[in-house]
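Each value in this text was obtained by applying a stated rule to the coordinates, not by laboratory testing. All figures in this text were calculated on a predicted structure; none of them were measured in a lab. Cβ placement follows ideal geometry from the backbone for every residue including glycine, while neighbour counts extend to all protein chains displayed.
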Amino acid sequence: DTEVTQTPKHLVMGMTNKKSLKCEQHMGHRAMYWYKQKAKKPPELMFVYSYEKLSINESVPSRFSPECPNSSLLNLHLHALQPEDSALYLCASSHRQGYQSGELFFGEGSRLTVL
Amino acid sequence: AQSVTQLGSHVSVSEGALVLLRCNYSSSVPPYLFWYVQYPNQGLQLLLKYTSAATLVKGINGFEAEFKKSETSFHLTKPSAHMSDAAEYFCAVSDGDGTSYGKLTFGQGTILTVHP
């Protein structure tokens, strides 16, 4: 069982909708990540939070808005998405050494379909 | 910049046969290297990691990988494949230097199929 929990597992939304993806971990990790994975492709980094502060934004469009309310929670707010944003969104976390080395703990993902 | 190349997007083996998944890396610094596995409709799980402590790294589920600097390779092996090993495997490299954020870069993935 994964220790990084993502909800919802599946989400279908229209291009005018506003929705949020949620991620929670209770491993005491202080770094959390959002990745986007298109079908048959490797994950692509979107955002990195370190100690609840945004440390990396990989030039992601503003229709994706991350939020880290506390050390255990990470949200991704979605607004005015495009059909090409349909993908599996993966949340991950890491301890300090993992933040430096790349050792991540992933959730099972939220599969998003934009109509 | 760091990168990894996985040779073979699909590998098919018989149950009980040797599994060999190939990964070559490019890195300007001593790398951190990883193998992650992704089962259908799931997230990624760390199989094993190389962080310079030992060149032969043992991971979960009977997998191991050997770091060969001279060949810039980090191939993943398992002596005897099991049906439950069917999944997609990603090799990854980090540009971390042990002091600041190390970005993880994934290879394109190799889908492993295991036949009865």
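Residue by residue through A:103-114, how many Cβ atoms from other chains fall within 10 Å of the Cβ on average? Show your work: numbers first, answer last.
Numbers: counts 11, 8, 4, 7, 3, 6, 5, 1, 1, 0, 0, 0.
That works out to 4 on average.
Share of Cα-Cα pairs in the protein assembly as shown beyond 26 Å, in percent?
37
Using 1/(1 + (r/R0)^6) with R0 = 45 angstrom and r between the beta carbons of B:ASP97 and A:GLU84, what's the FRET efficiency to the nearest 0.05?
Details: r = 35 Å, r/R0 = 0.78.
Calculated value: 0.80.
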Got the relative contact order for the stretch B:24-114 handy, in percent, Cα pairs under 8 Å and 6 or more residues apart?
29
7 Å from Cα along Cα→Cβ at both A:TYR51 and B:THR72: what's the point-to-point distance in nm?
3.6
How big is D, in µm² s⁻¹, for chain A by Stokes-Einstein at 37 °C and 0.692 mPa s if Rh is the Kirkwood radius over C-alpha pairs?
234
If you wrap a convex hull around the Cα atoms of the stretch B:14-108, how much volume per residue is inside, in Å³?
103
Cut-off under 29 Å on the C-alpha distance; same-chain residues fewer than 8 positions from A:LYS18 excluded. Which lysines are left, in chain and number order?
A:LYS9, A:LYS36, A:LYS38, A:LYS40, A:LYS41, A:LYS53
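Starting from the stretch B:36-116, pick out the GluC sites (Glu not before Pro) whose DSSP state is loop and whose Cβ has at most 13 other Cβ atoms within 10 Å.
Values: sites: B:GLU64, B:GLU66, B:GLU71, B:GLU88; in loops: B:GLU71.
Hits after loop and neighbour filter: B:GLU71.
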Can you compute the modelled spin-label distance between A:HIS10 and B:SER14, with each label point 7 Å from Cα toward Cβ, in nm?
3.8
Theoretical gain in end-to-end length, A:LYS40 to A:HIS26 [0.36 nm per residue, Cα-Cα removed]
2.0 nm
Residues of B:28-37, mean number of Cβ from any other protein chain within 10 Å of their own Cβ, rounded to a whole number?
2
Under 16 Å Cα-Cα from B:LYS49, which lysines qualify once same-chain neighbours fewer than 8 residues away are excluded?
B:LYS58, B:LYS68, B:LYS69, B:LYS78, B:LYS103
Hey, fewest Cβ within 10 Å first, where do A:VAL48, A:VAL60 land in order?
A:VAL60, A:VAL48
Please compute, for peptide B:94-104, the average count of beta-carbon atoms on other protein chains lying within 10 Å of each residue's beta-carbon.
5
Using θ = phi - 60° and the Karplus form 6.51 cos²θ - 1.76 cosθ + 1.60, what ³J(HN,Hα) does each residue of the stretch B:10-19 get, whole Hz, x for Gly and Pro?
9, 10, 10, 9, 8, 4, x, 7, 5, 9
Evaluated at 10 °C with a viscosity of 1.306 mPa s, what Stokes-Einstein diffusion coefficient in µm²/s does the stretch B:67-111 have when Rh comes from the Kirkwood expression over alpha-carbon pairs?
123
Taking θ as phi - 60°, what are the ³J(HN,Hα) couplings along the stretch A:25-30 by the Karplus curve (6.51, -1.76, 1.60), each to the nearest whole Hz, with x for Gly and Pro?
9, 10, 9, x, 6, 10
